[in-house]
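Below is one structure; the comments refer to it alone.
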Amino acid sequence: GGAHGIGVRKAWNFHIPSGSQPLLGDLFEQDSSYREIIAAAVNQSIQDDPDRYFLDEFCAEQLRSDQPYYLTDTGLVLFFEAYEIAPYAAGLPEFFISYEELPPIRLGDNRP
């Protein structure tokens, strides 16, 4: 009965040597600042376009260890589903964080 369908986006990330599928929380040492760095990137986008999002601020504690992400040649892209942090009209929000900004990925230098 809704005005539009709701799709789902999935990212399948594999650590080739082990065949494991690392969650976002598996990529970094637990005592690293990855949560704060990612939250800062999300918050910058919210500040740049506040009318696009439901949130005034995204806290590091809101970042789930199983938060959907994918890796590119130059960085990590975190994404959210429709209605998680923005209305349907905003699409599926994505946030890019370059490898230079992030702590080292602990699975080794296995970036795509």
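The values are calculated or read from the model by the stated rules, or taken from the named source; none is laboratory data. Computed from a predicted structure; not experimentally measured. Cβ: placed from backbone, ideal geometry, glycine included. Neighbour counts: every protein chain shown. When the accessible area is computed, the model is the full protein with side chains, heavy atoms only, and any ligands, DNA or RNA have been set aside. Shrake-Rupley method; radii C 1.70, N 1.55, O 1.52, S 1.80 Å.
Gain in length, Ile37 to Arg9, computed as 0.36 nm per residue apart minus the alpha-carbon separation, to one decimal in nm?
Details: separation 28, 0.36 × 28 = 10.08 nm, distance 2.33 nm.
Contour length minus the Cα-Cα distance gives 7.7 nm.
In deg cm²/dmol and to the nearest 500, what is the mean residue ellipticity at 222 nm of the chain if only DSSP H runs of at least 4 residues count, each as -39500 (n - 2.57), divided by the residue total?
On the way: 1 runs with 15 residues, N = 112.
Rounded to the nearest 500, the figure is -4500 deg cm²/dmol.
Taking Cα atoms, how many degrees apart are the long axis of helix 34-48 and the longest axis of the chain, rounded to 10 and kept between 0 and 90?
Around 30 degrees separate the two axes.
Please work out the FRET efficiency for the pair Tyr83 and Arg106, using the Cβ-Cβ distance as r and a Förster radius of 35 Å; give the result to the nearest 0.05.
So the FRET efficiency works out to roughly 0.60.
Express in Å², to the nearest 10, the accessible area of Ser65 obtained by rolling a 1.4 Å probe over the protein heavy atoms while all chains stay in place.
About 60 Å², rounded to the nearest 10.
Quick check of the Kirkwood formula: for the range 1-107, what is the inverse mean of 1/r over all pairs of different Cα atoms, in Å? Present the calculation step by step, with values, prior to reporting the outcome.
Details: mean 1/r = 0.0673 Å⁻¹.
Kirkwood hydrodynamic radius for the range 1-107: 14.9 Å.
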